[in-house]
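Inspection log for the structure reproduced underneath, given as C-alpha coordinates.
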Amino acid sequence: MVMHKIRHAARHVAKHPMVRQLASRTDVVIIAAVAILALSTIYSIWQISDAVNSLGAVTQNITGNSTNTFPPQARLDATLIQVPNCPLCSNFTDIIAALNSSGATLALQRVPMDSAAAQLIMRDFNLTKLPALYVTGDTNRTAALATIFGSEMQANGFFMEAPTAPYYNISARKLVGLVNVVVINDSTCDKCAPAWQVPDQLGMIGVALGNKTVVEYNSTRGQQLIARYNITHVPVVIFSDDINYYPDLMPSIRGISDMQADGSFVMQNLAPYKELSTGKLRGIVDIIYLNDSSCPQCYNVTDHDLALKAFGMKYDNRTFYDLNSTAGAALVYRYNITAVPTILISPEASVYSSLVGVWPTVGTVEGDGWFVFRKTDVIGTYHNLATGEIVTANATG
(Lines give C-alpha, C1' and ligand atoms only; values in the text may rest on other atoms or scores of the structure.)
Protein backbone atom coordinates (compact mmCIF):
# COMPACT_ATOMS: atom_id res chain seq x y z
CA MET A 1 0.00 0.00 0.00
CA VAL A 2 2.85 2.37 0.83
CA MET A 3 4.55 1.65 -2.46
CA HIS A 4 1.22 2.35 -4.18
CA LYS A 5 1.27 5.86 -2.74
CA ILE A 6 4.88 6.37 -3.70
CA ARG A 7 4.17 5.27 -7.26
CA HIS A 8 1.14 7.57 -7.31
CA ALA A 9 3.36 10.49 -6.32
CA ALA A 10 5.97 9.48 -8.87
CA ARG A 11 3.31 9.44 -11.58
CA HIS A 12 2.21 12.90 -10.45
CA VAL A 13 5.76 14.17 -10.84
CA ALA A 14 5.88 12.43 -14.21
CA LYS A 15 3.30 14.79 -15.69
CA HIS A 16 6.26 16.95 -16.64
CA PRO A 17 7.83 15.73 -19.92
CA MET A 18 11.39 15.67 -18.62
CA VAL A 19 10.43 13.56 -15.62
CA ARG A 20 8.29 11.35 -17.86
CA GLN A 21 11.41 10.61 -19.87
CA LEU A 22 13.34 9.76 -16.71
CA ALA A 23 10.58 7.48 -15.52
CA SER A 24 10.43 5.66 -18.82
CA ARG A 25 14.13 4.83 -18.77
CA THR A 26 14.88 4.00 -15.14
CA ASP A 27 13.97 1.40 -12.59
CA VAL A 28 10.85 2.09 -10.53
CA VAL A 29 12.97 1.92 -7.37
CA ILE A 30 14.99 4.92 -8.53
CA ILE A 31 11.85 6.81 -9.44
CA ALA A 32 10.37 5.95 -6.05
CA ALA A 33 13.55 7.23 -4.41
CA VAL A 34 13.21 10.44 -6.41
CA ALA A 35 9.68 10.75 -5.08
CA ILE A 36 10.91 10.29 -1.51
CA LEU A 37 13.52 13.00 -2.01
CA ALA A 38 10.93 15.31 -3.48
CA LEU A 39 8.75 14.53 -0.49
CA SER A 40 11.50 15.43 1.95
CA THR A 41 11.85 18.87 0.43
CA ILE A 42 8.12 19.47 0.86
CA TYR A 43 7.24 20.43 -2.68
CA SER A 44 3.57 20.62 -3.46
CA ILE A 45 3.71 17.36 -5.40
CA TRP A 46 3.95 15.65 -2.05
CA GLN A 47 0.94 17.27 -0.46
CA ILE A 48 -1.02 14.05 -0.48
CA SER A 49 -4.56 15.01 0.43
CA ASP A 50 -5.99 11.56 1.11
CA ALA A 51 -4.89 9.52 4.10
CA VAL A 52 -3.35 6.11 3.56
CA ASN A 53 -5.90 3.31 3.93
CA SER A 54 -4.26 1.16 6.57
CA LEU A 55 -6.25 -1.90 5.58
CA GLY A 56 -4.56 -2.15 2.22
CA ALA A 57 -5.85 -3.63 -0.98
CA VAL A 58 -8.19 -6.12 0.67
CA THR A 59 -10.58 -3.46 1.83
CA GLN A 60 -10.63 -1.80 -1.56
CA ASN A 61 -12.93 -4.61 -2.62
CA ILE A 62 -15.40 -3.67 0.07
CA THR A 63 -16.09 -0.01 -0.36
CA GLY A 64 -18.06 -0.52 -3.55
CA ASN A 65 -20.30 -3.24 -2.09
CA SER A 66 -23.97 -2.37 -2.16
CA THR A 67 -26.18 -2.91 0.85
CA ASN A 68 -27.98 -6.21 1.35
CA THR A 69 -24.95 -8.19 0.30
CA PHE A 70 -26.09 -10.74 2.90
CA PRO A 71 -29.56 -12.25 3.23
CA PRO A 72 -31.50 -10.00 5.63
CA GLN A 73 -31.88 -12.78 8.20
CA ALA A 74 -28.14 -13.53 8.36
CA ARG A 75 -26.35 -12.99 11.67
CA LEU A 76 -22.63 -12.45 12.10
CA ASP A 77 -20.59 -12.45 15.30
CA ALA A 78 -17.30 -10.56 15.24
CA THR A 79 -14.54 -10.51 17.81
CA LEU A 80 -11.92 -7.79 17.56
CA ILE A 81 -8.78 -8.50 19.56
CA GLN A 82 -7.27 -5.15 20.43
CA VAL A 83 -3.76 -4.08 21.40
CA PRO A 84 -3.70 -1.64 24.32
CA ASN A 85 -1.84 1.64 23.99
CA CYS A 86 -1.53 1.38 20.24
CA PRO A 87 -3.77 4.05 18.70
CA LEU A 88 -2.05 3.62 15.34
CA CYS A 89 -2.77 -0.11 15.13
CA SER A 90 -5.46 -1.18 12.70
CA ASN A 91 -8.96 -1.43 14.15
CA PHE A 92 -10.46 -2.89 10.94
CA THR A 93 -12.78 0.09 10.75
CA ASP A 94 -13.55 -0.31 7.05
CA ILE A 95 -14.34 -4.01 7.31
CA ILE A 96 -16.58 -3.52 10.32
CA ALA A 97 -18.37 -0.67 8.56
CA ALA A 98 -18.83 -2.85 5.48
CA LEU A 99 -20.24 -5.68 7.58
CA ASN A 100 -22.61 -3.27 9.32
CA SER A 101 -23.95 -2.07 5.98
CA SER A 102 -24.08 -5.52 4.41
CA GLY A 103 -27.64 -6.35 5.41
CA ALA A 104 -26.64 -8.85 8.07
CA THR A 105 -27.09 -8.35 11.79
CA LEU A 106 -23.63 -7.83 13.27
CA ALA A 107 -22.79 -8.44 16.90
CA LEU A 108 -19.35 -7.04 17.65
CA GLN A 109 -17.33 -7.52 20.80
CA ARG A 110 -13.96 -5.86 21.40
CA VAL A 111 -11.62 -7.72 23.73
CA PRO A 112 -8.11 -6.82 24.92
CA MET A 113 -5.28 -9.12 23.91
CA ASP A 114 -4.70 -10.32 27.47
CA SER A 115 -8.33 -11.37 27.97
CA ALA A 116 -9.31 -15.02 28.24
CA ALA A 117 -11.37 -14.83 25.05
CA ALA A 118 -8.45 -13.36 23.10
CA GLN A 119 -5.97 -15.88 24.49
CA LEU A 120 -8.24 -18.75 23.48
CA ILE A 121 -8.54 -17.51 19.88
CA MET A 122 -4.82 -16.80 19.66
CA ARG A 123 -4.00 -20.32 20.89
CA ASP A 124 -6.57 -22.25 18.87
CA PHE A 125 -5.84 -20.50 15.59
CA ASN A 126 -2.10 -19.90 15.93
CA LEU A 127 -2.28 -16.16 15.40
CA THR A 128 0.99 -14.30 14.85
CA LYS A 129 -0.07 -10.63 14.76
CA LEU A 130 -2.52 -8.43 16.60
CA PRO A 131 -4.98 -6.73 16.33
CA ALA A 132 -7.02 -9.49 14.73
CA LEU A 133 -10.63 -9.82 13.64
CA TYR A 134 -12.59 -13.09 13.84
CA VAL A 135 -16.03 -13.36 12.23
CA THR A 136 -18.37 -16.31 12.76
CA GLY A 137 -22.09 -16.94 12.46
CA ASP A 138 -23.94 -17.36 9.20
CA THR A 139 -20.73 -17.21 7.25
CA ASN A 140 -21.88 -19.87 4.81
CA ARG A 141 -24.83 -17.79 3.62
CA THR A 142 -22.83 -15.67 1.23
CA ALA A 143 -19.56 -15.57 -0.69
CA ALA A 144 -19.00 -11.93 0.24
CA LEU A 145 -16.90 -12.73 3.32
CA ALA A 146 -14.32 -14.56 1.24
CA THR A 147 -14.01 -11.44 -0.91
CA ILE A 148 -13.74 -9.18 2.11
CA PHE A 149 -11.16 -11.30 3.95
CA GLY A 150 -9.33 -12.48 0.87
CA SER A 151 -9.20 -16.05 2.21
CA GLU A 152 -11.19 -19.21 2.60
CA MET A 153 -13.22 -19.87 5.72
CA GLN A 154 -11.37 -21.54 8.61
CA ALA A 155 -13.08 -23.35 11.50
CA ASN A 156 -16.48 -21.89 10.64
CA GLY A 157 -15.11 -18.40 10.55
CA PHE A 158 -12.93 -15.84 8.85
CA PHE A 159 -9.76 -14.35 10.28
CA MET A 160 -7.74 -11.31 9.48
CA GLU A 161 -4.60 -10.39 11.35
CA ALA A 162 -3.16 -6.87 11.41
CA PRO A 163 -2.69 -6.11 7.70
CA THR A 164 -0.04 -3.42 8.16
CA ALA A 165 2.42 -2.15 10.75
CA PRO A 166 2.35 -1.26 13.53
CA TYR A 167 1.19 -4.47 15.16
CA TYR A 168 1.88 -6.67 18.16
CA ASN A 169 4.22 -9.52 17.25
CA ILE A 170 2.95 -12.41 19.35
CA SER A 171 6.07 -14.57 19.18
CA ALA A 172 8.39 -11.63 19.94
CA ARG A 173 5.97 -10.31 22.56
CA LYS A 174 6.40 -6.72 21.49
CA LEU A 175 4.86 -3.96 19.42
CA VAL A 176 6.66 -3.54 16.09
CA GLY A 177 6.49 -1.05 13.24
CA LEU A 178 6.65 2.18 15.22
CA VAL A 179 9.56 3.94 13.55
CA ASN A 180 11.68 6.26 15.66
CA VAL A 181 13.21 9.10 13.67
CA VAL A 182 16.13 11.32 14.60
CA VAL A 183 16.99 14.38 12.52
CA ILE A 184 20.48 15.80 12.94
CA ASN A 185 20.13 19.43 11.94
CA ASP A 186 22.01 22.71 11.74
CA SER A 187 19.47 25.38 12.61
CA THR A 188 21.88 28.11 11.48
CA CYS A 189 21.87 26.79 7.91
CA ASP A 190 18.94 28.58 6.30
CA LYS A 191 19.58 27.10 2.88
CA CYS A 192 20.00 23.49 3.98
CA ALA A 193 17.32 20.94 3.10
CA PRO A 194 14.41 21.02 5.58
CA ALA A 195 15.09 17.53 6.89
CA TRP A 196 13.02 18.16 9.99
CA GLN A 197 9.94 17.87 7.75
CA VAL A 198 10.74 14.31 6.70
CA PRO A 199 9.14 12.44 9.65
CA ASP A 200 5.71 13.99 9.18
CA GLN A 201 5.93 13.51 5.44
CA LEU A 202 6.70 9.82 5.95
CA GLY A 203 3.64 9.63 8.15
CA MET A 204 1.62 10.84 5.19
CA ILE A 205 2.56 7.75 3.21
CA GLY A 206 1.58 5.31 5.94
CA VAL A 207 4.63 5.00 8.18
CA ALA A 208 3.64 4.87 11.85
CA LEU A 209 5.98 7.09 13.82
CA GLY A 210 7.18 6.55 17.35
CA ASN A 211 9.54 9.14 18.77
CA LYS A 212 10.49 12.10 16.57
CA THR A 213 13.59 13.95 17.67
CA VAL A 214 15.51 16.87 16.18
CA VAL A 215 19.02 17.39 17.55
CA GLU A 216 21.60 20.01 16.70
CA TYR A 217 24.70 18.64 15.03
CA ASN A 218 27.01 20.39 17.51
CA SER A 219 25.12 19.18 20.59
CA THR A 220 26.45 16.31 22.70
CA ARG A 221 23.82 13.95 21.30
CA GLY A 222 24.44 15.16 17.78
CA GLN A 223 28.18 14.63 18.05
CA GLN A 224 27.65 11.14 19.44
CA LEU A 225 25.47 10.17 16.48
CA ILE A 226 27.85 11.75 13.97
CA ALA A 227 30.71 9.70 15.40
CA ARG A 228 28.69 6.48 15.62
CA TYR A 229 27.48 6.58 12.03
CA ASN A 230 30.48 8.33 10.46
CA ILE A 231 28.30 11.19 9.24
CA THR A 232 30.10 13.66 7.00
CA HIS A 233 27.45 16.32 6.49
CA VAL A 234 24.15 17.58 7.86
CA PRO A 235 21.21 17.46 7.84
CA VAL A 236 20.64 13.73 7.96
CA VAL A 237 17.68 11.60 8.98
CA ILE A 238 18.02 8.35 10.94
CA PHE A 239 15.26 5.72 10.86
CA SER A 240 15.10 2.97 13.48
CA ASP A 241 15.13 -0.66 12.34
CA ASP A 242 11.33 -0.83 12.64
CA ILE A 243 11.25 0.65 9.13
CA ASN A 244 11.85 -2.95 8.02
CA TYR A 245 8.22 -3.70 8.86
CA TYR A 246 7.21 -1.72 5.77
CA PRO A 247 8.42 -4.12 3.05
CA ASP A 248 6.86 -2.17 0.18
CA LEU A 249 8.85 0.88 1.21
CA MET A 250 12.18 -0.85 1.81
CA PRO A 251 13.49 -0.80 -1.79
CA SER A 252 13.23 2.98 -1.75
CA ILE A 253 14.62 3.32 1.77
CA ARG A 254 17.63 1.21 0.79
CA GLY A 255 18.05 3.35 -2.31
CA ILE A 256 18.27 6.62 -0.41
CA SER A 257 19.90 5.59 2.87
CA ASP A 258 22.60 3.35 4.31
CA MET A 259 21.90 0.49 6.69
CA GLN A 260 24.00 0.59 9.84
CA ALA A 261 25.37 -2.20 12.03
CA ASP A 262 22.59 -1.65 14.57
CA GLY A 263 19.90 -2.04 11.89
CA SER A 264 18.99 1.63 11.61
CA PHE A 265 19.09 3.52 8.31
CA VAL A 266 20.87 6.85 7.82
CA MET A 267 19.58 9.08 5.03
CA GLN A 268 22.53 11.29 4.08
CA ASN A 269 21.67 12.38 0.55
CA LEU A 270 19.52 15.38 1.40
CA ALA A 271 20.76 18.52 -0.30
CA PRO A 272 21.68 21.29 0.09
CA TYR A 273 23.79 20.34 3.09
CA LYS A 274 26.63 21.57 5.27
CA GLU A 275 29.91 19.72 4.85
CA LEU A 276 31.23 19.09 8.35
CA SER A 277 34.92 18.90 7.46
CA THR A 278 34.94 22.31 5.79
CA GLY A 279 31.76 24.03 6.97
CA LYS A 280 30.94 24.63 3.29
CA LEU A 281 27.38 24.72 2.01
CA ARG A 282 26.99 22.21 -0.84
CA GLY A 283 24.20 21.81 -3.36
CA ILE A 284 23.39 25.38 -4.32
CA VAL A 285 23.57 25.32 -8.11
CA ASP A 286 23.75 27.82 -10.93
CA ILE A 287 21.47 27.23 -13.91
CA ILE A 288 22.01 28.45 -17.45
CA TYR A 289 19.03 28.54 -19.77
CA LEU A 290 19.94 28.51 -23.46
CA ASN A 291 17.08 29.67 -25.64
CA ASP A 292 16.55 30.46 -29.33
CA SER A 293 14.60 33.68 -29.92
CA SER A 294 14.40 32.88 -33.63
CA CYS A 295 12.27 29.83 -32.85
CA PRO A 296 9.02 31.08 -31.29
CA GLN A 297 7.46 27.65 -31.68
CA CYS A 298 10.19 25.96 -29.63
CA TYR A 299 9.29 24.90 -26.10
CA ASN A 300 9.72 27.35 -23.24
CA VAL A 301 13.11 26.69 -21.69
CA THR A 302 11.70 27.30 -18.20
CA ASP A 303 9.63 24.14 -18.65
CA HIS A 304 12.62 22.42 -17.06
CA ASP A 305 11.98 24.11 -13.72
CA LEU A 306 9.35 21.69 -12.45
CA ALA A 307 11.65 18.73 -13.02
CA LEU A 308 14.50 20.49 -11.20
CA LYS A 309 12.22 21.17 -8.26
CA ALA A 310 11.14 17.52 -8.26
CA PHE A 311 14.77 16.63 -7.62
CA GLY A 312 14.86 19.07 -4.70
CA MET A 313 17.36 21.31 -6.43
CA LYS A 314 18.12 24.75 -5.00
CA TYR A 315 19.81 27.50 -6.97
CA ASP A 316 21.39 30.89 -6.41
CA ASN A 317 21.71 32.16 -9.98
CA ARG A 318 19.63 31.66 -13.09
CA THR A 319 21.16 33.05 -16.27
CA PHE A 320 19.44 33.28 -19.64
CA TYR A 321 21.37 33.31 -22.90
CA ASP A 322 20.09 33.40 -26.43
CA LEU A 323 21.57 31.13 -29.06
CA ASN A 324 22.33 34.13 -31.22
CA SER A 325 24.29 35.98 -28.54
CA THR A 326 28.06 35.81 -28.18
CA ALA A 327 27.76 34.00 -24.84
CA GLY A 328 25.15 31.61 -26.24
CA ALA A 329 27.30 30.77 -29.25
CA ALA A 330 30.27 30.18 -26.94
CA LEU A 331 28.26 27.67 -24.92
CA VAL A 332 27.21 25.83 -28.08
CA TYR A 333 30.82 25.60 -29.20
CA ARG A 334 32.27 24.70 -25.82
CA TYR A 335 29.83 21.87 -25.07
CA ASN A 336 29.01 20.80 -28.63
CA ILE A 337 25.34 21.52 -28.11
CA THR A 338 23.27 20.28 -31.04
CA ALA A 339 19.73 21.15 -29.94
CA VAL A 340 18.09 24.10 -28.22
CA PRO A 341 16.37 25.12 -26.01
CA THR A 342 18.33 23.40 -23.27
CA ILE A 343 19.71 23.93 -19.79
CA LEU A 344 23.12 23.62 -18.16
CA ILE A 345 23.56 23.03 -14.44
CA SER A 346 26.71 23.79 -12.48
CA PRO A 347 28.88 21.04 -10.92
CA GLU A 348 27.21 21.42 -7.52
CA ALA A 349 24.40 19.31 -9.00
CA SER A 350 26.64 16.32 -8.34
CA VAL A 351 25.54 16.24 -4.69
CA TYR A 352 21.97 15.39 -5.74
CA SER A 353 22.33 11.62 -5.98
CA SER A 354 18.86 11.13 -7.41
CA LEU A 355 19.67 13.46 -10.30
CA VAL A 356 23.07 11.87 -10.86
CA GLY A 357 21.46 8.44 -11.02
CA VAL A 358 19.17 9.31 -13.92
CA TRP A 359 21.03 12.10 -15.71
CA PRO A 360 22.84 9.78 -18.16
CA THR A 361 19.45 9.01 -19.73
CA VAL A 362 18.83 12.65 -20.65
CA GLY A 363 22.17 14.43 -20.73
CA THR A 364 25.90 14.46 -20.18
CA VAL A 365 28.29 15.52 -17.47
CA GLU A 366 31.16 17.41 -19.07
CA GLY A 367 34.82 17.35 -18.15
CA ASP A 368 34.46 20.55 -16.12
CA GLY A 369 31.56 19.04 -14.14
CA TRP A 370 28.71 20.92 -15.82
CA PHE A 371 25.50 18.99 -16.51
CA VAL A 372 24.20 19.55 -20.06
CA PHE A 373 20.67 18.48 -20.99
CA ARG A 374 20.59 16.76 -24.40
CA LYS A 375 17.23 15.01 -24.83
CA THR A 376 15.30 18.05 -25.98
CA ASP A 377 12.96 15.88 -28.03
CA VAL A 378 11.25 14.65 -24.87
CA ILE A 379 10.30 18.20 -23.85
CA GLY A 380 8.81 19.71 -26.98
CA THR A 381 9.57 21.37 -30.29
CA TYR A 382 13.25 22.25 -30.64
CA HIS A 383 15.86 23.58 -33.07
CA ASN A 384 18.24 20.94 -34.41
CA LEU A 385 21.46 22.89 -34.84
CA ALA A 386 23.14 20.15 -36.85
CA THR A 387 20.49 20.20 -39.61
CA GLY A 388 18.96 23.64 -39.05
CA GLU A 389 15.51 22.06 -38.85
CA ILE A 390 12.77 22.90 -36.36
CA VAL A 391 11.69 19.51 -35.04
CA THR A 392 8.27 18.85 -33.60
CA ALA A 393 8.82 16.41 -30.76
CA ASN A 394 6.68 13.38 -30.02
CA ALA A 395 4.04 14.66 -27.63
CA THR A 396 4.21 11.48 -25.56
CA GLY A 397 7.97 11.49 -25.19
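Residue-wise test of (1) closer than 20 Å to Asp292 by Cα; (2) surrounded by 15 or more Cβ atoms within 10 Å (Cβ to Cβ).
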{"position": "Gly357", "(1), (2)": "no, yes"}
{"position": "Pro360", "(1), (2)": "no, no"}
{"position": "Gly367", "(1), (2)": "no, no"}
{"position": "Val372", "(1), (2)": "yes, yes"}
{"position": "Thr376", "(1), (2)": "yes, yes"}
{"position": "Ile379", "(1), (2)": "yes, yes"}
{"position": "Tyr382", "(1), (2)": "yes, yes"}
{"position": "Leu385", "(1), (2)": "yes, yes"}
It is to be established whether one or more residues within the stretch 322-331 are touching a helix residue (DSSP H, G or I) at 6+ places or on another chain (Cβ under 9 Å) and either within 28 Å of Gly255 (Cβ to Cβ) or not acidic (Asp, Glu) (or both). yes
Residue check for Lys191: among the basic types (Lys, Arg), assigned to a loop (DSSP other than H, G, I, E, B) and not assigned by TED's automatic domain parsing to the domain that holds Met313: yes
Answer yes or no: is there a residue in the stretch 304-314 that is of a type in the set (D, E, K, R), farther than 14 Å from Cys192 by Cβ and either in the same structural domain as Gln197 (by TED's automatic domain parsing) or under 24 Å from the mean Cα position of the chain (by Cα) (or both). yes
Within the stretch 280-294, identify whether any single residue is surrounded by fewer than 20 Cβ atoms within 10 Å (Cβ to Cβ), at pLDDT 95 or above and basic (Lys, Arg), and answer yes or no. yes
Could you please find all residues in the stretch 341-355 being crowded, with 20+ Cβ neighbours inside 10 Å and without any contact (Cβ under 8 Å) to a residue 60 or more places away in the chain? Pro341, Thr342, Ile343, Leu344, Leu355
What residue, among those in the stretch 82-107 that are out of contact with any Ser or Thr (no Cβ under 8 Å at 6 or more places or on another chain) and within 14 Å of Tyr134 (Cα to Cα), is modelled with the highest pLDDT? Gln82
Any residue at all in the stretch 319-330 that's of a type in the set (A, V, I, L, M), under 21 Å from Glu389 (Cα atoms) and buried (at least 18 other Cβ atoms within 10 Å of the Cβ)? yes
Are there any pairs with C-beta distances below 8 angstrom linking a residue in the stretch 201-212 that is assigned by TED's automatic domain parsing to the domain that holds Tyr245 and part of a helix (DSSP H, G or I) to a residue that is at pLDDT below 95 and of a type in the set (S, T, N, Q), with the two at least 6 apart or on different chains, and if so which? Gln201/Ser40
Suppose we filter the stretch 291-318 for residues that are within 22 Å of Glu348 (Cα to Cα) and touching a residue at least 60 places away in the same chain (Cβ under 8 Å); how many remain? 9
Selection over the stretch 325-372 where residues are in contact with a His (Cβ under 7 Å, 6 or more places away or on another chain) and closer than 18 Å to Gly312 by Cα yields a count of 1
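Consider Ser264 carefully, then state whether it is modelled with pLDDT under 95, in the same structural domain as Gln223 (by TED's automatic domain parsing) and under 30 Å from Thr164 (Cβ atoms).
Judged against the criteria, Ser264 is not a match.
So that you can scan it fast, the table gives a plain yes or no per residue for (1) surrounded by fewer than 16 Cβ atoms within 10 Å (Cβ to Cβ); (2) in contact with a Cys (Cβ under 9 Å, 6 or more places away or on another chain); (3) not basic (Lys, Arg):
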site: Pro131; (1), (2), (3): no, yes, yes
site: Tyr134; (1), (2), (3): no, no, yes
site: Glu161; (1), (2), (3): no, no, yes
site: Arg173; (1), (2), (3): yes, no, no
site: Val179; (1), (2), (3): no, no, yes
site: Val183; (1), (2), (3): no, no, yes
site: Asp190; (1), (2), (3): yes, no, yes
site: Asp200; (1), (2), (3): yes, no, yes
site: Val237; (1), (2), (3): no, no, yes
With respect to Gly222, determine if the residue is at pLDDT 95 or above and closer than 27 Å to Asn85 by Cβ. no
Of the conditions (1) buried (at least 19 other Cβ atoms within 10 Å of the Cβ); (2) among the β-branched types (Val, Ile, Thr); (3) farther than 13 Å from Cys298 by Cβ, the single one that Thr338 does not satisfy is (1)
With the condition being of a type in the set (Lys, Arg), I'd like the strands (runs of 3 or more DSSP E) fully within the stretch 286-390 carrying at least 1 qualifying residues. 314-322
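The values are calculated or read from the model by the stated rules, or taken from the named source; none is laboratory data. For clarity, every value in this text was computed on a predicted model and none was experimentally measured. Using ideal geometry, Cβ is built from the backbone for each residue, glycine included, and neighbour counts are taken over all protein chains shown.
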